[in-house]
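See structure below.
The values are calculated or read from the model by the stated rules, or taken from the named source; none is laboratory data. If you're wondering where the values come from, they're calculated on a predicted model, not measured in any experiment. Ideal geometry is used to build each Cβ from the backbone, glycine not excepted, and the neighbour counts take in all protein chains shown.
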Protein chains: 2
Amino acid sequence: MRAVLHHGPRDIRVETVPDPVLLEPTDAIVRVTLSCICGSDLWPYRRQDAPEHAHRIGHEFLGVVEEVGADVRTLAVGDLVIAPFMYSCGDCEFCRAGLQTSCVRGGFYGSESIGGGQGQVVRVPLADGTLVAAPVGEDDPRLPALLTLSDVMATGHHAAVSAGVGAGSHVVVIGDGAVGLCGVLAAHRLGAERITLLSTHEDRAAIGRRFGATEVIAERGEAAVAAVLERTDGLGAPHVMECVGMQGSWDTAVRIARPGGTIGYVGVPNGVDEGLDLSVLFRRNVTVRGGVAPARAYLPELLADVLDGTIDPSPVFDLELSLEEAPEGYAAMDQRRATKVLLRP
Amino acid sequence: MRAVLHHGPRDIRVETVPDPVLLEPTDAIVRVTLSCICGSDLWPYRRQDAPEHAHRIGHEFLGVVEEVGADVRTLAVGDLVIAPFMYSCGDCEFCRAGLQTSCVRGGFYGSESIGGGQGQVVRVPLADGTLVAAPVGEDDPRLPALLTLSDVMATGHHAAVSAGVGAGSHVVVIGDGAVGLCGVLAAHRLGAERITLLSTHEDRAAIGRRFGATEVIAERGEAAVAAVLERTDGLGAPHVMECVGMQGSWDTAVRIARPGGTIGYVGVPNGVDEGLDLSVLFRRNVTVRGGVAPARAYLPELLADVLDGTIDPSPVFDLELSLEEAPEGYAAMDQRRATKVLLRP
């Protein structure tokens, strides 16, 4: 079968690899119907040093169950399943608490034995705890929307939940990538009344407005901070969603959070070298909450809302390619010619 | 009248200063019955550079109202009042939300015109919003316990509330100073079932046990982290109270927090130069919550519990001096010969 491998700095290749097989009785083999490239896939892509070995990549996919291990109880061959971006047992204290990303048996895709989501077939460990079946066919037009539940929509939702967004909230969303845009949609879904999106890309801002942003601030850094403060009587916003993960976006988040407010964050920390400045947070009693999103926990409720048409996050995909064209997909996202790239195997 | 002034590095003097007078119609003049020295008073005391001018110091006091401005409605001459460590209007959106430390009109004691709590008389601005009357006499034996509500007990309570401590919780308290010890008492009061105190001073640990600590770990740094992990199946504690504010205590807090857990912090950040390492918090979805404690918000409920004997935080005072002996009080706390010093004017 064909799969995407990361070889080195900006070196992505599609190669023939062995078909995965069941290794554990709790595994499922999933033939991928749709996968995509994540903003976080760009971090290894952009690294200057090459990995020791080329490695499989991709962690967002949905597909059809082709084979299940003897201990798999809740899934059957033929089911269309959505895979959260991490696998998890569903049974440990963290899984039961809805924090499957800290599952004591769980882990990430992209290793040699498990494979990556950007491939034609994936071995999914702990299938019962991990996969969520969706009552749709392989040709359902909602598949791209459902694929966002694998990561970006769940992650945007985690940012909103972590920021304490609820009915009537005012929230500022930092980041107009796929996660930030999904964060806007999640905040809107949770009833936020005022959603301020920081976006300097008009095409992304347009999606943000469609998703529920009530205002867009087309500034960065100091100017963005000044604009938010100006629009909030100088006090800042009670809810801030940090959907980038870099020093600049964090500096903005900390400075626009209102006293007693909450920063919900989901951007993978990358280059936040100076660390968080506690003194400002301390003085203002600003809470910092978030992390890697337990997509598995949120999947059922978000799935229901996609199926009944309440939300449609699919506009975050603005380029569709075949799996063989994955290298072009990475380049397009790296050069910001695309927000998020859909891959059809 | 006599008051304590900070002149420079480890240079504290008691001097005669003008008696304060009403400046605003919302002021009250309070004759101090009891005040004390705070751990945070040691930060300026220990600084290597001298302040531009000698300045008044102290922010914890209780006393008797001697005079009120024309607009003061809720207080009368003769009332015994407890002063939270900041003054606040009681009327702005932050005061109404219980975050009086972010009051838009409020501020700190210790300036030239307002004076410090370590003095014989203090002008208290915004008296209605700030002071809380207690139905006790000047010679009530509970005064030391009531004085802790001015800062340390309220601050320990804020740490516990911020850490999400409730009935049945397991919490680790970092810091065995007066705030950490009050944090133990607060966690116990909130129903925590297991309270682990990190303390390397046997006398302080003894107070901690009396306040409700169910176990004491007499280690610091790496060893403390290892001990907590060993006692929590390697997973860490769901609730952590950071009551110190230094890099080492923060490093410990971050490393012993269980995935999905919460660090409640109240230690004034001091020398946390490396900032908070977001990557660990991110991976584990650990929440960081806290800041400067809104003592005014907590005062009524804590006051009721002191009055009816439910809590008695007064054992944190282990040295009692006259106001004239304040320099010796600072030295004793600086050299860790005392945990917290009571000053009788």
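Looking for whichever is modelled with pLDDT of 95 or more and under 23 Å from the mean Cα position of the chain (by Cα) here; the options are B:Thr16, B:Thr26, B:Thr33. Which one fits? First the steps, then the outcome.
Details: B:Thr16 fails: under 23 Å from the mean Cα position of the chain (by Cα); B:Thr26 fails: under 23 Å from the mean Cα position of the chain (by Cα).
When all the criteria are applied, what remains is B:Thr33.
Return only the number of the condition from (1) away from every other protein chain (no Cβ under 14 Å); (2) among the basic types (Lys, Arg); (3) free of Cβ contacts under 8 Å to residues at least 12 places away in the same chain that A:Arg96 does not satisfy.
(1)
State whether one or more residues within segment B:299-314 are in contact with a Ser or Thr (Cβ under 6 Å, 6 or more places away or on another chain), away from chain A (no Cβ under 14 Å) and buried (at least 24 other Cβ atoms within 10 Å of the Cβ).
We begin by selecting, within segment B:299-314, every residue in contact with a Ser or Thr (Cβ under 6 Å, 6 or more places away or on another chain); these are B:313.
Narrowing further to those that are away from chain A (no Cβ under 14 Å): B:313.
Within this subset, residues satisfying the condition of being buried (at least 24 other Cβ atoms within 10 Å of the Cβ) are B:313.
Within segment B:299-314 (the criterion being in contact with a Ser or Thr (Cβ under 6 Å, 6 or more places away or on another chain), away from chain A (no Cβ under 14 Å) and buried (at least 24 other Cβ atoms within 10 Å of the Cβ)), the answer is yes, since at least one residue qualifies.
Would you confirm whether or not segment B:315-326 contains a residue that is among the aromatic types (Phe, Trp, Tyr), surrounded by fewer than 24 Cβ atoms within 10 Å (Cβ to Cβ) and within 23 Å of B:His6 (Cβ to Cβ)? Even if it seems obvious, please write down each step before you answer.
Pass one, segment B:315-326, residues among the aromatic types (Phe, Trp, Tyr): B:317.
Right, trim to surrounded by fewer than 24 Cβ atoms within 10 Å (Cβ to Cβ) and you get B:317.
Checking the rest, the ones that are also within 23 Å of B:His6 (Cβ to Cβ) come to B:317.
Among the residues of segment B:315-326, at least one is among the aromatic types (Phe, Trp, Tyr), surrounded by fewer than 24 Cβ atoms within 10 Å (Cβ to Cβ) and within 23 Å of B:His6 (Cβ to Cβ), which makes the answer yes.
Of all the residues that make up segment B:40-67, how many are in contact with a Lys or Arg (Cβ under 9 Å, 6 or more places away or on another chain) and within 20 Å of B:Leu299 (Cα to Cα)?
Result for segment B:40-67: 3.
Test B:Glu193 against the criterion of being more than 19 Å from B:Asp151 (Cβ to Cβ) and in contact (Cβ under 8 Å) with a residue 24 or more places away in the chain, and give yes or no. Steps first, please.
Details: more than 19 Å from B:Asp151 (Cβ to Cβ): yes; in contact (Cβ under 8 Å) with a residue 24 or more places away in the chain: yes.
Yes: the conditions hold for B:Glu193.
Spot the failing condition for B:Thr101; the list is (1) touching a helix residue (DSSP H, G or I) at 6+ places or on another chain (Cβ under 6 Å); (2) within 13 Å of chain A (Cβ to nearest Cβ), and only one is missed.
Single failed check for B:Thr101: (1).
Going by what's in this entry, would B:Arg283 be described as more than 7 Å from chain A (Cβ to nearest Cβ) and under 25 Å from B:Asp233 (Cβ atoms)?
On the way: more than 7 Å from chain A (Cβ to nearest Cβ): no; under 25 Å from B:Asp233 (Cβ atoms): yes.
Against the criterion (more than 7 Å from chain A (Cβ to nearest Cβ) and under 25 Å from B:Asp233 (Cβ atoms)), B:Arg283 does not qualify.
In segment A:14-47, how many residues are under 30 Å from A:Asp79 (Cα atoms) and basic (Lys, Arg)? Step through it out loud before you land on a result.
Our first condition is that a residue be under 30 Å from A:Asp79 (Cα atoms); within segment A:14-47, this holds for A:14-41.
Within this subset, residues satisfying the condition of being basic (Lys, Arg) are A:31.
Adding up the residues that qualify gives 1.
Kindly evaluate A:Thr148 against the criterion of being over 30 Å from B:Gly261 (Cα atoms), hydroxyl-bearing (Ser, Thr, Tyr) and touching a helix residue (DSSP H, G or I) at 6+ places or on another chain (Cβ under 9 Å). Full working, then the answer.
On the way: over 30 Å from B:Gly261 (Cα atoms): no; hydroxyl-bearing (Ser, Thr, Tyr): yes; touching a helix residue (DSSP H, G or I) at 6+ places or on another chain (Cβ under 9 Å): yes.
No; evaluated as a whole, the condition is false for this residue.
Being surrounded by fewer than 21 Cβ atoms within 10 Å (Cβ to Cβ) and within 14 Å of chain B (Cβ to nearest Cβ) is true for just one of A:Gly290, A:Gly275, A:Gly267, A:Gly261. Which residue is that? Steps first, answer last, please.
Values: A:Gly290 fails: surrounded by fewer than 21 Cβ atoms within 10 Å (Cβ to Cβ); A:Gly267 fails: surrounded by fewer than 21 Cβ atoms within 10 Å (Cβ to Cβ); A:Gly261 fails: surrounded by fewer than 21 Cβ atoms within 10 Å (Cβ to Cβ).
The unique qualifying residue is A:Gly275.
Can you say whether A:Phe85 is in contact with a His (Cβ under 6 Å, 6 or more places away or on another chain) and either touching a residue at least 40 places away in the same chain (Cβ under 8 Å) or over 19 Å from A:Glu60 (Cβ atoms) (or both), as far as the supplied structure shows?
Numbers: in contact with a His (Cβ under 6 Å, 6 or more places away or on another chain): yes; either touching a residue at least 40 places away in the same chain (Cβ under 8 Å) or over 19 Å from A:Glu60 (Cβ atoms) (or both): yes.
Spelling it out, A:Phe85 is indeed in contact with a His (Cβ under 6 Å, 6 or more places away or on another chain) and either touching a residue at least 40 places away in the same chain (Cβ under 8 Å) or over 19 Å from A:Glu60 (Cβ atoms) (or both).
Name every residue in segment B:144-200 that is β-branched (Val, Ile, Thr) and crowded, with 24+ Cβ neighbours inside 10 Å, in order of residue number. Before the answer, list the steps.
Looking only at segment B:144-200, we keep the residues that are β-branched (Val, Ile, Thr), and these are B:148, B:152, B:155, B:161, B:165, B:171-174, B:179, B:184, B:195-196, B:200.
The answer is B:Thr148, B:Val152, B:Thr155, B:Val165, B:Val171, B:Val172, B:Val173, B:Ile174, B:Val179, B:Val184, B:Ile195, B:Thr196.
Against the condition touching a strand residue (DSSP E or B) at 6+ places or on another chain (Cβ under 7 Å), in a helix (DSSP H, G or I), assigned by TED's automatic domain parsing to the domain that holds B:Gly117 and acidic (Asp, Glu), how does B:Glu328 come out, does it pass?
Working: touching a strand residue (DSSP E or B) at 6+ places or on another chain (Cβ under 7 Å): yes; in a helix (DSSP H, G or I): yes; assigned by TED's automatic domain parsing to the domain that holds B:Gly117: yes; acidic (Asp, Glu): yes.
When the stated conditions are applied, B:Glu328 passes them.
Quick check on this structure: which one of B:Ala178, B:Ala163 is in contact (Cβ under 8 Å) with a residue 12 or more places away in the chain and touching a strand residue (DSSP E or B) at 6+ places or on another chain (Cβ under 7 Å)? Can you show your working first?
Numbers: B:Ala178 fails: touching a strand residue (DSSP E or B) at 6+ places or on another chain (Cβ under 7 Å).
Exactly one residue qualifies, and that residue is B:Ala163.
Of a type in the set (A, V, I, L, M), in contact with a strand residue (DSSP E or B) (Cβ under 6 Å, 6 or more places away or on another chain), in contact (Cβ under 8 Å) with a residue 40 or more places away in the chain and over 22 Å from B:Ala97 (Cα atoms): is that true of A:Val266 in this structure? Please lay out each step first, then the result.
Numbers: of a type in the set (A, V, I, L, M): yes; in contact with a strand residue (DSSP E or B) (Cβ under 6 Å, 6 or more places away or on another chain): yes; in contact (Cβ under 8 Å) with a residue 40 or more places away in the chain: yes; over 22 Å from B:Ala97 (Cα atoms): yes.
Answer is yes for this residue.
Give me the residue from segment B:228-245 that is buried (at least 18 other Cβ atoms within 10 Å of the Cβ) and over 17 Å from A:Glu93 (Cα atoms) and, out of that set, nearest to the other protein chains (Cβ to nearest Cβ).
B:Gly245
Give the residues of segment A:221-256 that are without any contact (Cβ under 8 Å) to a residue 24 or more places away in the chain and aromatic (Phe, Trp, Tyr), sorted by residue number.
Taking segment A:221-256 as the starting set, the residues that turn out to be without any contact (Cβ under 8 Å) to a residue 24 or more places away in the chain are A:222-223, A:226-227, A:230, A:233-234.
Answer for segment A:221-256, where residues must be without any contact (Cβ under 8 Å) to a residue 24 or more places away in the chain and aromatic (Phe, Trp, Tyr): there is none.
Within segment B:144-164, how many residues are part of a helix (DSSP H, G or I) and farther than 21 Å from B:Leu62 by Cβ? Working first, answer last.
If we filter segment B:144-164 for residues that are part of a helix (DSSP H, G or I), which is where we start, we get B:144-150, B:152-162.
Adding the requirement that they be farther than 21 Å from B:Leu62 by Cβ leaves B:159-162.
Total meeting the criteria: 4.
I'd like to verify a number: residues in segment A:276-312 that are within 14 Å of the chain's Cα centre (by Cα) and part of a helix (DSSP H, G or I), how many? Before you say what the answer is, go through the steps one by one.
Applying the first criterion (within 14 Å of the chain's Cα centre (by Cα)) to segment A:276-312 yields A:290-299, A:302.
Among the residues that remain, those that are also part of a helix (DSSP H, G or I) are: A:295-299, A:302.
Going through segment A:276-312 one residue at a time, the tally reaches 6.
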